[in-house]
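The values are calculated or read from the model by the stated rules, or taken from the named source; none is laboratory data. Note that the coordinates shown come from a computational prediction; the quantities given were computed from them, not determined experimentally. Heads up, the Cβs are rebuilt from the backbone with ideal geometry, glycines too, and the neighbour counts pull from every protein chain shown. Side chains included, ligands, DNA and RNA excluded: accessible areas come from the protein's heavy atoms. Shrake-Rupley method; radii C 1.70, N 1.55, O 1.52, S 1.80 Å.
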Amino acid sequence: MDLRDVSDDLSQVLYTKSQLDERLAEIAAQIDADYERKDLLLVGVLNGAVMVMADLSRALSIHCEMDWMAISSYGSGTSSSGVVRILKDLNSNLLGRHVLVVEDIVDTGLTLAYLLENLRSRKPASLEVMAMFRKPEAARNDIEVKYVGFDIPNEFVVGYGLDYAGRYRNLSGLGTLAPHVYS
Ligand code: 5GP
């Protein structure tokens, strides 16, 4: 699905697919250098991180393994509580592995904080985060995200894996949803 296909539903186009690809290539080059000769495990958080995981992993020149977690937030509506239930756990043992969590978006950061605490208890050799999007104005903690695609305004966005009511995940770019869609 292209941004043009849903242009009436978007109040603003933030990034086209080619802009996202360009930024991902830069981040992949950094990760290539940082994890050279290391055994890299990418951990994706379902469902939102599917697109970024697929594109980031293919932009890397180094080998990596991929594993997935599915979590559900107890937050009401669009607000995050930071209390998370694990719906699907990883298949891999993290002990001694170099783990890079791949996230679609960091909003308040509460979900990520919970996740990192959980993963850290499994004693990986290193634990870092790559997030395609981050909303600095919404941050409720100061979790370090080592690789950030783009810092974006504190608005509800859709596309590139991010949904509204299950839709727009397959939108190739990123945009802000027009109020008439959710009101
Ligand atoms: P946090 O705990 O950082 O506040 O929220 C993390 C989760 O909330 C994200 O993984 C994502 O699923 C959802 N989320 C936060 N902001 C947005 C947004 O602007 N659009 C969409 N579609 N989901 C969001």
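Compared with the direct C-alpha span, the chain from residue 178 to residue 150 gains 8.0 nm at full extension, assuming 0.36 nm per residue. A Gaussian network model of the chain, with springs between Cα atoms under 10 Å, assigns the largest mean-square fluctuation among 142, 39, 55 to 142. Normalising by the residue count of the chain, find the relative contact order in percent from Cα pairs under 8 Å and 6+ residues apart. This gives 26 percent for the chain. Label-to-label distance, residue 1 versus residue 92, with points set 7 angstrom from Cα along the beta-carbon direction: 3.1 nm.
Entry note, the chain: the mean residue ellipticity at 222 nm calculated from DSSP H runs of n ≥ 4, each adding -39500 (n - 2.57), is -7000 deg cm²/dmol after division by the residues and rounding to the nearest 500. Accessible surface area normalised per residue over the chain is 51 Å², counting heavy atoms of protein chains with a 1.4 Å rolling probe. Among the lysines of the chain, pairs that are 8 or more positions apart or on different chains and have alpha carbons within less than 22 Å of each other number 6. Note on the chain: the alpha carbon radius of gyration divided by the globular reference 2.2 N^0.38 Å gives 1.01.
Largest mean-square fluctuation among 163, 89, 67, in a Gaussian network model of the chain whose springs join Cα atoms under 10 Å apart, belongs to 89.
Computed over the chain with a Gaussian network model linking Cα atoms closer than 10 Å, the most mobile of 53, 69, 130 is 69.
Taking 7 Å steps out from each Cα toward its Cβ at residue 85 and residue 37 produces label points 4.6 nm apart. With the convex hull drawn over the C-alpha atoms of segment 93-183, the volume per residue is 115 Å³.
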